[in-house]
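This report refers to the structure that appears directly beneath it.
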Amino acid sequence: MKKAVLFVHGLAGGMDTWGAFKSLIEGEDELDYDPFFYVYPSALLRIFSLFQSKYGDIRALSNGLKTYIDYTLDKYDEIVLVAHSLCVFR
């Protein structure tokens, strides 16, 4: 069974949100998960217009996440989502 863990950052986050998680997971023999990181446009300056911006609304962001999962993780039998702060799933 192929398993993945998908990290999704929060507001003003990015790849650096998760620090050394990738190497920690890959270095642990007992964890049988392949780590992935979904990165989307986010900035603290958007806090007041979070749901309407040049990056799209929350629905567009969640559609982007779904597309990422459908096409990048389609070979995995199990996917664990680890989300930080301002992640909204519908």
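No value in this document is a laboratory result; all are computed from the given coordinates. All of these numbers come straight from a predicted model, not from anything done at the bench. Quick reminder, even Gly has a Cβ in these numbers, built from the backbone with ideal geometry, and neighbours come from all protein chains shown.
Tabulated values for the structure
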item	result
Cross-link partners of residue 66 among aspartates and glutamates (Cα-Cα below 14 Å; sequence separation of 8 or more within a chain)	74
Amide hydrogen neighbours beyond the local backbone of residue 79, cut-off 5 Å, H modeled	4
Label-to-label distance, nm, for residues given as residue 22 and residue 82 (7 Å Cα→Cβ offset)	1.3
Total formal charge among the other residues, if their Cβ is under 15 angstrom from that of residue 23, Lys/Arg +1 and Asp/Glu -1	-4
Distant-in-sequence amide H partners of residue 11 (H built 1.01 Å from N, under 5 Å)	86
